[in-house]
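> Encoded as structure tokens, here's the structure I'll be asking about.
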Amino acid sequence: YKDEEGDGNIYQSFLVGETWTVPEKTINDINSNAWESHACISPDGNILYFTSDRKGGYGGMDIYWCKKLPNGEWALVDNLGPVINTKYDEESPFIHANGNLLFFSSKGHQTMGGYDIFFSELSDSGQWAPPLNIGYPINSTADDAYYALSTNGKHAYFSSLTNSSLGESDIYLAEFKDYEKIALTVLSGKIT
């Protein structure tokens, strides 16, 4: 994300060997005249999730996604719809390594105050489940956002603006000792 002349835009950079390329503004209609911010990409690199306040959304900032075409270009963007987006702001999407568990922050749904962190699961039929608030003690009456869950589901990082904060927003680490690990299998190799 980079602010240019009062509008936010999403950039991409590629790791070539051990060096990152100069960031380039993503093409197609991902960036618009509206404010685009926070983006994440699916583990397979084929779906981009991002936030925007472009016209045609459900409220302020909405979460959008777009899929990579066979030619490597991004398809047109699509709003995630009213199950995820509300008339209020949604921010900081994060898709888990399993590819179907979406975490995001919202001022809508049922919050404890400010932004709360929610999650939704994508079904096999391609429908998002109604979002659930991840609850206390991670969510507070302050703004809680930018949630990132480890691959095995045992740790999460997030940002919070709480009374115990050392600054305006601090980064916290949550450890889930009683949760079972999230099963995830990675296959790598060549088939001939």
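> Of M112, M61, which has the most accessible area with a 1.4 Å probe, and how do the rest follow in descending order?
Listed by decreasing accessible area, they come as M112, M61.
> Right, something else. Give me log10 I(q)/I(0) at q = 0.11 Å⁻¹ for the chain, Debye formula, one equal scatterer per alpha-carbon, no solvent.
For the chain at q = 0.11 Å⁻¹, log10 I(q)/I(0) is -0.54.
> When the solvent-accessible surface of protein heavy atoms is calculated with a 1.4 angstrom probe, in what order do T86, T19 fall, highest first?
T19, T86
> Ordering E90, E180 from largest to smallest accessible area (1.4 angstrom probe), what's the sequence?
So, going from the largest accessible area down, we get E180, E90.
> Over segment 101-168, how many percent of alpha carbon pairs lie in each 10 Å bin up to the one with the longest distance?
Each 10 Å bin holds this share of Cα pairs: 21, 49, 25, 4, 1.
> Identify the chymotrypsin sites (Phe, Trp or Tyr not before Pro) of segment 85-192 meeting these criteria: DSSP loop state and at most 12 other C-beta atoms within 10 Å of the C-beta.
Passing both the DSSP loop test and the Cβ count: Y179.
The values are calculated or read from the model by the stated rules, or taken from the named source; none is laboratory data. Not measured: the values here are computed from a predicted model. Cβ atoms come from the backbone with ideal geometry, glycine included; neighbour counts cover every protein chain shown. Calculation scope for accessible area: heavy atoms of the full protein, side chains included, ligands and nucleic acids excluded. Shrake-Rupley method; radii C 1.70, N 1.55, O 1.52, S 1.80 Å.
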